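Below: the structure, in structure tokens.
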Amino acid sequence: MSTNLLKGKKGIIFGALNEHSIAWKVAERAYEEGAEFILTNAPVAIRMGELDELAQKTNSDVIPADATSIEDLEKLFDAATKKFGKIDFILHSIGMSLNVRKGIPYTENNYEYYMKGMDISAISFHKVMKVAMQKDVMNDWGSILALSYIAAQRVFPNYNDMSNAKALLESIARNFGYHFGIDKKVRVNTISQSPTATTAGSGVKGFDAFINYAEDMSPLGNASALACADYCISLFSDLTKYVTMQNLFHDGGFSNVGVSQKVMDKFM
């Protein structure tokens with residue numbers, strides 16, 4: 001049910017690939033709540049995905065952009081400014097590890113792949129905000145979000161170098177959040193979501209076990225992609241104007257549980 005929570009707000013959503021993507025759910029919910037936005041992803045991801053379908057559903061433009069390319073980002077923000085003037089929100093939902101894709105263990109990581117993964121999954125967030133700040137595209141009290149995972153703080157062996165990327169992503173949010181707050185009263189946060197069955201997540205070895213374990217550990221169970229989208233909407237809205245520089249756990253309580261009775265029962 002729409003409450004027009006984002007009525008009149010404009011934004012950019014990075015990373016929607018198909019209906020399983022959290023970014024896809026965010027776009028659907030943002031549209032339902034009255035927002036207008038541009039959908040963007042890397043050209044290769046757009047060719048692989050179904051973004052045109054989402055664009056039609058949400059009356060949005062699709063503008064290809066490689067988030068690791070300053071030139072592409074400059075063109076993207078210029079297009080957003082031409083269409084909307086200034087914008088109110090950005091979602092960064094981007095992550096990829098070549099080491100994961102190629103099954104290379106963490107202790108044997110290929111460093112060229114490692115650096116590429118860090119650029120795509122974390123440094124791109126810095127680049128997005130750098131260009132947004134330089135071009136002064138954000139309205140005061142705007143909101144910028146990126147999606148993270150608790151592997152930034154804890155060891156999940158098969159999450160591989162993505163855990164390092166998520167740790168860097170969260171650090172970038174804190175540091176850039178300070179500067180964006182001082183400069184434009186723009187808030188910057190990351191959401192540490194429950195393991196979610198997305199196209200990216202399914203590439204991690206044993207990901208189904210991650211999901212099942214988290215479900216057994218979380219008092220409320222795993223948060224769905226749609227629930228995460230709802231949380232993103234609240235953080236794009238004016239109801240959370242003073243929340244910034246935070247890594248916000250959206251995981252049914254998983255992050256604060258040492259061990260659940262349900263998990264202990266399996267070892268008794």
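The values are calculated or read from the model by the stated rules, or taken from the named source; none is laboratory data. Keep in mind it's a predicted model, so treat the numbers as computed, not measured. Please note: Cβ atoms are built from the backbone with ideal geometry, for glycine as well, and neighbour counts cover all protein chains shown.
So which residues in the range 95-104 are touching a helix residue (DSSP H, G or I) at 6+ places or on another chain (Cβ under 8 Å) and not in a helix (DSSP H, G or I), if there are any at all? Give the steps one after another, and end with the answer.
Step one: filter the range 95-104 for residues touching a helix residue (DSSP H, G or I) at 6+ places or on another chain (Cβ under 8 Å), giving 95-102, 104.
Within the range 95-104, 95, 96, 97, 102, 104 meet the criteria.
So for the range 103-125 (the condition being modelled with pLDDT of 95 or more, among the acidic types (Asp, Glu) and over 18 Å from the mean Cα position of the chain (by Cα)), does at least one residue qualify?
Yes, some residue in the range 103-125 is modelled with pLDDT of 95 or more, among the acidic types (Asp, Glu) and over 18 Å from the mean Cα position of the chain (by Cα).
Within the range 239-254, is there a residue that is in a helix (DSSP H, G or I), more than 29 Å from residue 19 (Cβ to Cβ) and modelled with pLDDT of 95 or more?
So far as the range 239-254 goes, no, none of its residues is in a helix (DSSP H, G or I), more than 29 Å from residue 19 (Cβ to Cβ) and modelled with pLDDT of 95 or more.
Would you confirm whether any residue within the range 143-165 is of a type in the set (D, E, K, R) and either in a helix (DSSP H, G or I) or under 28 Å from residue 80 (Cα atoms) (or both)? Write out each step before concluding.
Filtering the range 143-165 for residues of a type in the set (D, E, K, R) gives 154, 161.
Then keep just the ones that are either in a helix (DSSP H, G or I) or under 28 Å from residue 80 (Cα atoms) (or both); that gives none.
No, the range 143-165 contains no residue that is of a type in the set (D, E, K, R) and either in a helix (DSSP H, G or I) or under 28 Å from residue 80 (Cα atoms) (or both).
Go through the residues of the range 108-125 one by one and say whether even a single one is in contact (Cβ under 8 Å) with a residue 24 or more places away in the chain and in a loop (DSSP other than H, G, I, E, B).
Yes, that holds for at least one residue.
Going by the conditions given, is residue 94 touching a strand residue (DSSP E or B) at 6+ places or on another chain (Cβ under 6 Å) and buried (at least 23 other Cβ atoms within 10 Å of the Cβ)?
Values: touching a strand residue (DSSP E or B) at 6+ places or on another chain (Cβ under 6 Å): yes; buried (at least 23 other Cβ atoms within 10 Å of the Cβ): yes.
Yes, satisfied.
Examine the range 249-257 for a residue that is surrounded by 17 or more Cβ atoms within 10 Å (Cβ to Cβ), on the phi > 0 side of the Ramachandran plot and either small (Gly, Ala, Ser) or in contact (Cβ under 8 Å) with a residue 40 or more places away in the chain (or both), and state whether such a residue exists.
There is at least one residue in the range 249-257 that is surrounded by 17 or more Cβ atoms within 10 Å (Cβ to Cβ), on the phi > 0 side of the Ramachandran plot and either small (Gly, Ala, Ser) or in contact (Cβ under 8 Å) with a residue 40 or more places away in the chain (or both).
Can you pull out every residue in the range 126-138 that is touching a residue at least 60 places away in the same chain (Cβ under 8 Å) and either of a type in the set (Phe, Trp, Tyr) or buried (at least 17 other Cβ atoms within 10 Å of the Cβ) (or both)?
Those that are touching a residue at least 60 places away in the same chain (Cβ under 8 Å) and either of a type in the set (Phe, Trp, Tyr) or buried (at least 17 other Cβ atoms within 10 Å of the Cβ) (or both): 127, 128, 131, 137.
Which residue, of 93, 97, is touching a residue at least 40 places away in the same chain (Cβ under 8 Å), of a type outside the set (Phe, Trp, Tyr) and closer than 16 Å to residue 14 by Cβ?
93
Before we move on, is residue 65 crowded, with 20+ Cβ neighbours inside 10 Å, over 23 Å from residue 134 (Cβ atoms) and either out of contact with any Pro (no Cβ under 8 Å at 6 or more places or on another chain) or not polar (S, T, N, Q) (or both)? Break it down stepwise before answering.
Working: crowded, with 20+ Cβ neighbours inside 10 Å: yes; over 23 Å from residue 134 (Cβ atoms): no; either out of contact with any Pro (no Cβ under 8 Å at 6 or more places or on another chain) or not polar (S, T, N, Q) (or both): yes.
So residue 65 does not fit the description; no.
May I ask you to list pairs of residues, at least six apart or on different chains, whose Cβ atoms are under 8 Å apart, with the first in the range 184-198 being at positive phi and in a loop (DSSP other than H, G, I, E, B) and the second being at pLDDT 95 or above and surrounded by fewer than 24 Cβ atoms within 10 Å (Cβ to Cβ)?
From residues that are at positive phi and in a loop (DSSP other than H, G, I, E, B), the pairs are 185/140; 185/141.
Just to be sure I understand, how many residues within the range 1-48 are free of Cβ contacts under 8 Å to residues at least 24 places away in the same chain, surrounded by fewer than 19 Cβ atoms within 10 Å (Cβ to Cβ) and in a helix (DSSP H, G or I)?
We begin by selecting, within the range 1-48, every residue free of Cβ contacts under 8 Å to residues at least 24 places away in the same chain; these are 1, 43-44, 46-47.
With surrounded by fewer than 19 Cβ atoms within 10 Å (Cβ to Cβ) added as a condition, the list becomes 1, 43-44, 47.
Now drop any that are not in a helix (DSSP H, G or I), which leaves 43-44, 47.
Matching residues across the range 1-48 total 3.
Determine whether the range 183-199 contains at least one residue that is surrounded by fewer than 17 Cβ atoms within 10 Å (Cβ to Cβ) and more than 30 Å from residue 109 (Cβ to Cβ).
Checked against the condition, which is being surrounded by fewer than 17 Cβ atoms within 10 Å (Cβ to Cβ) and more than 30 Å from residue 109 (Cβ to Cβ), the range 183-199 yields at least one hit.
Here is a check on your reading of the model: is residue 158 under 23 Å from residue 113 (Cβ atoms), of a type outside the set (Phe, Trp, Tyr), surrounded by 18 or more Cβ atoms within 10 Å (Cβ to Cβ) and over 14 Å from the mean Cα position of the chain (by Cα)?
Values: under 23 Å from residue 113 (Cβ atoms): yes; of a type outside the set (Phe, Trp, Tyr): yes; surrounded by 18 or more Cβ atoms within 10 Å (Cβ to Cβ): no; over 14 Å from the mean Cα position of the chain (by Cα): yes.
No, not satisfied.
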